[in-house]
Every structure is written in C-alpha cells, then in structure tokens.
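Here the structure comes first, spelled out in structure tokens, and everything after it is commentary.
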Amino acid sequence: MCGRYALTADKDALALEFEVDATTDVQLPPRWNIAPTSDIYIVRERQEGGQRVRELVVARWGLIPAWAKEESIGARLANARAETVAEKPAFRGSFAKRRCLVLCDGWYEWLPAQPARAGVRQPKQPYLMTVTGRQHVAFAGLYEWWREPGTPADAPALLTANLITTDAVGVAAQVHDRMPVLLDHHAWSRAISDLPEQPVAIRPVTTDVNSVRNDGAYLWGEFFPPTLDPSAVAEAEISDQDSQDQTLF
DNA sequence: CCAGACGTTGTT
DNA sequence: GTCTGG
DNA sequence: CCAGACGTTGTT
DNA sequence: GTCTGG
C-alpha cells in the first residue's frame with residue numbers, strides 16, 4: 001500500500017519531465033513526508049477540441065466520491081485496489097473517465113517494530129522506496145470533484161485524488177504485500193495488467209518519518225539528494241521513443 | 001418502495 | 001449517483 | 001501510512 | 001478499540 005511519500009521537485013521541472021501542456025500556478029513546497037489530506041501534484045488529461053491536453057494540477061490526497069456527504073471520508077480513500085477499482089461504486093466512475101498520474105520522488109512502507117524489552121515500545125521501522133535510475137515516479141491514480149451537499153453547482157469544487165495499489169513484487173514484497181501501481185515513465189498508455197515491472201530500491205530511514213509533523217531533507221539522510229546510476233538514466237532516455245500514445249494507463 | 005452503503009490498511 | 005438489502 | 005485523541009459545561 | 005487528522 002502506500003500512505004506516505006515524498007515529492008520535492010519544482011512544478012515547472014515536473015511539467016517538463018512529464019510533458020504537460022499546462023501547469024498550475026500553485027507552487028507546493030518540497031515535502032519529504034506527505035500524508036493523506038495533503039495537497040499533491042497530479043497529471044491528468046482532458047479533451048479540448050479533439051486534442052488531448054495534459055495538465056499538471058494540485059489535488060488533495062484522498063478521493064472524495066462526488067456523492068459523499070462528508071469530506072472526512074477522503075482520508076480513508078487514499079488508495080484504491082487495482083483488483084476491484086473498475087467495479088467499486090466509489091471508484092468506477094473515476095476509473096472510467098478520470099485517471100491521473102500521482103507524482104513522487106519515493107514512497108514509504110513500514111515493518112513492525114522488533115520485539116523489545118517488556119514495557120518499552122519500539123517505533124515501526126520505515127523504509128524508503130524509489131525506482132532505480134529515476135528521480136521521479138508516476139503512480140497510477142484517480143481523481144474526482146466534490147462539493148459539499150447544498151453548495152451551488154457553480155461554486156468551486158474540491159479536486160481530490162488517490163493512487164491504485166496492487167500486489168507487491170520484487171524487493172518491495174520484502175517489506176509489504178501491497179505497493180502502488182508504478183507507471184513506466186514512458187508507458188503511461190499501457191493497461192494496468194500490462195505494465196512492465198519497475199526496479200525498486202529499498203533503504204531504511206529514520207523513524208522520524210513516522211510522525212507527519214516531521215518533514216525535511218534529513219528524513220532521507222544520505223539518500224538526499226538522490227544520485228542516479230548513469231547507466232539507468234541512459235536506458236531511460238532510450239525508451240523515450242515509446243511515448244506516442246497519450247492515454248493514461 | 002425507502003434506507004443505507006459506498007473504502008483500504010493492518011491486525012487478530 | 002447507484003446498487004443492495006430489507 | 002502513523003500519531004493522537006477519545007468530552008461537556010460555564011466562564012473568561 | 002476505533003476514529004480523525006495530518
């Protein structure tokens with residue numbers, strides 16, 4: 001699963017990298033500890049005069065279905081299961097028409113604390129997960145618009161989003177049985193079931209990550225700023241050729 | 001028909 | 001909004 | 001995801 | 001124990 005992640009890049013750098021046509025004016029601060037209900041960057045596509053327009057926008061993490069009576073349900077809908085996302089009433093509309101990319105530098109998973117001396121509570125151990133050779137990762141996600149019941153239809157709506165999870169594979173499975181659906185940077189158009197497996201790197205980080213009150217580059221320790229393996233970067237650039245079809249997974 | 005749910009995770 | 005359960 | 005709260009009244 | 005907030 002994924003309930004915490006980092007995103008430190010500037011919006012304009014992300015806009016270039018993800019080849020968007022339009023970019024929000026809102027600059028979010030760099031974050032190493034993003035939790036559900038935080039503002040995040042997503043990339044979505046809309047049709048405009050027969051053209052597909054890709055935009056980088058801000059959304060709130062935690063999808064609030066359009067029919068929800070309370071905003072608070074969003075905090076519990078930070079994820080959607082890939083196995084059922086097409087059928088679940090809360091998600092199927094978004095899955096059919098409102099897919100997005102959720103951008104991040106890396107995400108966190110936790111292992112239970114080691115058993116300690118009696119009476120001493122040990123914190124859970126967080127692990128930082130990144131995709132080898134990439135500074136940024138796109139999760140498969142969904143978005144939705146929500147207005148508090150009774151608000152006029154022309155009032156501004158709240159844009160919310162979540163990310164799709166699937167069975168963990170590879171090294172990610174050593175820490176957890178679920179993981180986000182990782183979209184190959186240049187294979188956004190492939191169906192979820194047909195996505196190539198991404199090489200994931202896992203590193204333990206400070207338990208300061210556990211509290212959402214803590215944030216800063218220090219949470220990544222020596223792993224920030226990330227240094228990329230040059231061979232992995234070269235390979236990524238070669239596969240650039242794939243990005244013809246613009247449909248999001 | 002109306003009322004009520006609609007979700008994921010981890011943990012037991 | 002839409003489906004399920006009663 | 002983890003951490004932290006979990007409640008009401010009257011008075012300032 | 002369970003829900004809410006971040």
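The values are calculated or read from the model by the stated rules, or taken from the named source; none is laboratory data. Everything numeric here is computed off the predicted structure, so don't read it as measured data. Glycine also receives a Cβ, built like all others from the backbone with ideal geometry; neighbour counts cover every protein chain displayed.
Scanning the range A:61-82 for residues that are within 16 Å of DNA strand D (Cβ to nearest atom), assigned to a loop (DSSP other than H, G, I, E, B) and not small (Gly, Ala, Ser) yields A:Leu63, A:Ile64, A:Glu70, A:Leu77. In the range A:91-111, which residues are within 15 Å of DNA strand E (Cβ to nearest atom) and either farther than 20 Å from A:Arg60 by Cβ or without any contact (Cβ under 8 Å) to a residue 60 or more places away in the chain (or both)? Hits for the range A:91-111 are A:Glu109, A:Trp110. You will find that of A:Val26, A:Val20, A:Val58, the residue that is buried (at least 19 other Cβ atoms within 10 Å of the Cβ), more than 16 Å from DNA strand D (Cβ to nearest atom) and either β-branched (Val, Ile, Thr) or modelled with pLDDT under 95 (or both) is A:Val20 and no other. The residues on offer are A:Ile40, A:Ile64, and the sole one that is buried (at least 19 other Cβ atoms within 10 Å of the Cβ), in contact with a Gly (Cβ under 8 Å, 6 or more places away or on another chain) and β-branched (Val, Ile, Thr) is A:Ile64. Looking only at residues of the range A:75-109 that are among the small types (Gly, Ala, Ser) and under 15 Å from the mean Cα position of the chain (by Cα), we find that the one that is surrounded by the fewest Cβ atoms within 10 Å (Cβ to Cβ) is A:Ala75.
Here is the figure for the range A:30-44: residues that are within 11 Å of the chain's Cα centre (by Cα) and either aromatic (Phe, Trp, Tyr) or within 16 Å of A:Leu56 (Cα to Cα) (or both) total 4. Screening A:Ala15 on (1) out of contact with any Asp or Glu (no Cβ under 7 Å at 6 or more places or on another chain); (2) part of a loop (DSSP other than H, G, I, E, B); (3) more than 9 Å from DNA strand B (Cβ to nearest atom) shows it passes everything except condition (2). Screening the candidates A:Pro149, A:Pro180, A:Pro196 for the property of being under 19 Å from A:Ala75 (Cα atoms) and modelled with pLDDT under 95 yields one hit, A:Pro149.
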